[in-house]
Structure formats: C-alpha cells, structure tokens
Amino acid sequence: MRTQIAAANWKMNLTLQEAQTLLDNILKQTDNIGENRKVIFAVPACYLTVANEKIANTSNVFVAAQNVYSKKSGAFTGELSVTMLKSINVNYAVIGHSERREYFNESNQFLADKVKICLEENITPIFCCGEALPVREVNQQNDFVTRQLEESLFSLSAEEIQKVIIAYEPIWAIGTGKTASSDQAQEMHAHIRTQIGRKYGEAVADGISILYGGSVKASNAKDIFGKPDVDGGLVGGSSLIADEFVPIIKALK
Ligand code: PGA
C-alpha cells in the first residue's frame, strides 16, 4: 500500500510559543501513528529547528519547509536553500503551493527547477497542483492540472518522480470552507495517476502518494481519505487546531 500522509501547512501563522504548544498537544495524542503512515508539519522557516527538536523522539513524524529557492546558494536575499534545509536535517519541502503561484508569480518552469534541486539534495518535494474556479466552471480542470504536471514534473526520470509527493489542491476549496466532494477529489486523483502512468508506467504511478488539500476537516477527512486514489491530505486551517488535526491524522487509511 502507498504511504498515507497527513501534512499540516501552517502557512504564516502562530507565534513560537503557540507553535510549541500546538506541536506538544498534537504529538502527545499521536504517539503511535502506524507503519504505513506519516505526519508532516510544514512550519514557518524560523520554527524549523525547534519543530525538529520536538519530533526528535517520534517515529514517522517529519518537518517540512513551506518553500525553497531554486539555487543552492548565492545573492538571493531572503531565500532559503535546499543545502540549508539539509544542514538542519529538514527533508521535506512544499513546492508550488497555489499561494506561492498566485502572490509570488511562481511559474510551472520555476517550480520544475525547485523540484529538481530538492531531489538533488534528497529533499522530498510535496508538489502542489490544482485549478482555480473559472477553470473548473468551464470543465478544463483535467487539462489544466495535466499541464502543471507536464511542465513541472515530467522532465524527471522515473526514479526521481517516485520520490515526489503530489498534493491536489483545488484553489476554490482552499481556506474557503468549500471542500471538493470526495468524488471530485477521487476523480482528479485518478486523473493525475493516469497521467503519471501514461508517462512513466502504471507501477510508478501506483507508488506515488497523492494528497488532497482544500478545507479538510475532522468531519470530512474520513470520507475523503477513504477514496482509493486519495492518500491523505495537505491541511491548512484545521492543522492549527489540535482537536481538528489529531482526528485528521487518525482518519488516514
Ligand atoms: P485549507 O488550506 O485546509 O485551509 O483549505 C489547505 C492548503 O492551502 O494547503
């Protein structure tokens, strides 16, 4: 079975003290996550080291950066490199979140470079894709997401793409309280898997974890995660509340 993953995306939220309390709270309620499961906390960059210390004695719990730059070092004020992440023992990074694409103009090509550099440094990219509402309204979501995959991931080798985690996040469902139905999620996840299969073969496609993101809550996680091609979630708002995120972790297959 594919690895099932509950990934928290804290975005630009929480003070250090709040972050520590939240992590303590979640970790004490989830000491046995299970063999085939992972919990990943994508925390603000300034909390990566502290979060890593907190998870030091856990198993199957990891910390992720929310973003990384496409170069290993140099004159790029304010940016964070894969080399730096590696040096503080951070092994995951969210790449191409829709907020990065929208507010920071990150293009598919730029994201391809970021994915590539992550893999060079053995950092697992959690690659986000997904369409905005106008695209879905004209029923173009499959083609739109296919293009994101082709332009950002499909120049990878088969060996490389197997190391990527994909997160499908329909933009119209992010932070809106509006969730894609579990059937809509399944439909797109199956589409993504088919596209990967078309390019790399079914065995490769079958091994890749595809997470759903967009208003996942304790109350809908079981239904969404229960779908055959949904391998967990990337969770924003509900990951900031222990009483929401703990049941989401427990809803993993
Ligand atoms: P949300 O955010 O759960 O608050 O909708 C998900 C995300 O942006 O990763």
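The values are calculated or read from the model by the stated rules, or taken from the named source; none is laboratory data. For clarity, every value in this text was computed on a predicted model and none was experimentally measured. Positions of Cβ are backbone-derived with ideal geometry, glycine not excepted, and every protein chain shown enters the neighbour counts. Note: accessible area is taken over every heavy atom of the protein model, side chains too, but ligands, DNA and RNA are not part of it. Shrake-Rupley method; radii C 1.70, N 1.55, O 1.52, S 1.80 Å.
Side notes on the structure shown:
- Filtering segment 193-221 to residues that are aliphatic (A, V, I, L, M) and open to solvent by 50 Å² or more (accessible area, probe 1.4 Å) leaves only A203.
- Boolean, S155 is more than 16 Å from the ligand (Cβ to nearest atom), of a type in the set (S, T, Y), touching a residue at least 24 places away in the same chain (Cβ under 8 Å) and part of a loop (DSSP other than H, G, I, E, B): yes
- Out of D223, D229, D243, D183, one residue alone is away from the ligand (no atom under 16 Å from the Cβ), among the acidic types (D, E) and either in a helix (DSSP H, G or I) or over 24 Å from R147 (Cβ atoms) (or both). It is D183.
- Taken together, A64, A75, A56 contain a single residue that is of a type in the set (A, V, I, L, M) and assigned to a strand (DSSP E or B), which is A64.
- Restricting attention to segment 47-75, the residues being over 19 Å from the mean Cα position of the chain (by Cα), open to solvent by 50 Å² or more (accessible area, probe 1.4 Å) and among the hydrophobic types (A, V, I, L, M, F, W, C) number 2.
- Of everything in segment 83-130 that is within 16 Å of the ligand (Cβ to nearest atom) and among the aromatic types (F, W, Y), the residue that is nearest to T146 (Cα to Cα) is F127.
- Residue match in segment 195-207 (condition: part of a loop (DSSP other than H, G, I, E, B), more than 17 Å from the chain's Cα centre (by Cα) and more than 15 Å from the ligand (Cβ to nearest atom)): yes
- Long-range neighbours under 7 Å by Cβ, at least six apart or interchain, first residue touching a residue at least 40 places away in the same chain (Cβ under 8 Å) within segment 101-117, second open to solvent by 20 Å² or more (accessible area, probe 1.4 Å): N108/E151; Q109/E151; A112/E151; A112/S155; I117/K72
- Residue identified as over 23 Å from T124 (Cβ atoms), touching a residue at least 40 places away in the same chain (Cβ under 8 Å) and among the charged types (D, E, K, R) among D223, D206, D229, D243: D223
- Residue in segment 131-138 that is free of Cβ contacts under 8 Å to residues at least 40 places away in the same chain, more than 16 Å from the ligand (Cβ to nearest atom), open to solvent by 20 Å² or more (accessible area, probe 1.4 Å) and outside any helix (DSSP H, G or I) present: yes
- Hits in segment 175-191 - residues which are surrounded by fewer than 22 Cβ atoms within 10 Å (Cβ to Cβ) and within 16 Å of the chain's Cα centre (by Cα): G175, H189
- Scanning segment 208-231 for residues that are in contact with a Ser or Thr (Cβ under 7 Å, 6 or more places away or on another chain) and closer than 20 Å to H97 by Cβ gives S209, G214, S215, V216, K217, I224, D231.
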